[in-house]
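Take a look at the structure set out below.
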Amino acid sequence: MLAIFSKRLLEKLESTERIVVFTGAGISAESGVPTFRGAEGLWNKFKPEELANFDAFLQNPELVWEWYKYRKTVMKTVEPNPGHRAIAEMERIFPSAIVVTQNIDNLHRRAGSSHVFELHGNIDRNYCIDCGQPHSNDEIFAQERAPRCLKCGGMVRPDVVWFGEMLPVDVWEESVKAVESAEIFLSVGTSGVVYPAASLPSMARRAGAFTVEINIEPTDLSGSFSECIPGKAGDILPQLLPLCPQRSQ
Ligand code: BJW
Ligand code: ZN
């Protein structure tokens, strides 16, 4: 579908150096990674409170690991899509472009983005909750049941951020710094319901950024953006790219 971009956005792009792209599960939907919420969301089938918090993990590690092993397997088979690639391309136009993502799927890095802040961890990493020993996915998959630490026998968990857990402090602080100095802030494919990540768009706007939401449907946060562009990330972003300054010269 042909996207129409506002004059205001195109003018902003002409004069901008600092751009932050904030992403959620929607950017990876077109790669075949299920989103969390919505009609096709993961949590129509699984309850978040059963799976994405530490107490649930302690009570039912087998169930939680079944879910994560399934998702690790899915993520091995998927590839970055045109949305991820367009964001990576932006680095050629805006060398200081930063991606702040809630996703744990590695697809931004695999698409070529080099400045990626992962707010909710990374599904490729695992660690022992007792001694901190990292464990590779091969070590995880070699164990049929919920994996145990090869060093101390403790429980191993995926290195992702569950409800009630702090985001990695350094990643959060760097993200806030980038967001507060952004001139353009693009929010792509997130429902904006999970905090503190969902506070970043309003933080950007308060600090003076021109903020844009790209989503297939309105979100709780839509009213707080400078403008909203309805549509799929993989459609909209590749159309926006050639309109960025250096590429049109
Ligand atoms: C497309 C598209 C296409 C589709 N193109 N678009 C009460 C009030 C306020 C806050 C709280 C509260 N009670 C608890 C809290 C805090 C809690 C929270 O926010 N809860 C709310 C749900 C109420 N937050 C936390 O606990 C966080 N930590 C924290 O606050 O620490 C401080 C603290 C410490 C101690 C005690 C208390 C507080 C941690 C949050 C961790 C979130 N973790 C997860 C799981 C990660 C691991 C894993 O993947 O397994 O992160 S939850 C899940 O949601 C995941 C995501 O990153 C996150 C956000 O989801 P996202 O990306 O927005 O996906 P969806 O599915 O929701 O949306 C997809 C969107 O894409 C939709 O809008 C579609 O329309 C769109 N879309 N296709 C464009 N092609
Ligand atoms: Zn251990």
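By the beta-carbon count within 10 Å of each Cβ, the least crowded to most crowded order of K76, K7, K69, fewest first, is K7, K76, K69.
Exposure proxy ranking for M90, M155, based on other Cβ atoms within 10 angstrom of each Cβ and starting from the fewest, stands as M155, M90. Rounded to the nearest 500, the 222 nm mean residue ellipticity of the chain from helices alone is -10000 deg cm²/dmol, with -39,500 (n - 2.57) taken per DSSP H run of at least 4 residues. Lysine pair count for the chain (Cα-Cα distance under 20 Å; residues 8 or more apart in sequence or on different chains): 4. Taking the fewest neighbouring Cβ atoms within 10 Å as the starting point, the ordered list for C152, C128 is C152, C128.
In this simple spin-label model, placing a label point 7 Å from the Cα along the Cα-to-Cβ direction at both E66 and E180 gives a separation of 4.6 nm.
Where a number appears in this text, it was derived from the coordinates with a stated rule and is not lab data. Treat the numbers as computed from the prediction; the structure is a model and nothing was measured. Virtual Cβ from ideal backbone geometry, glycine too; neighbours counted across all protein chains shown.
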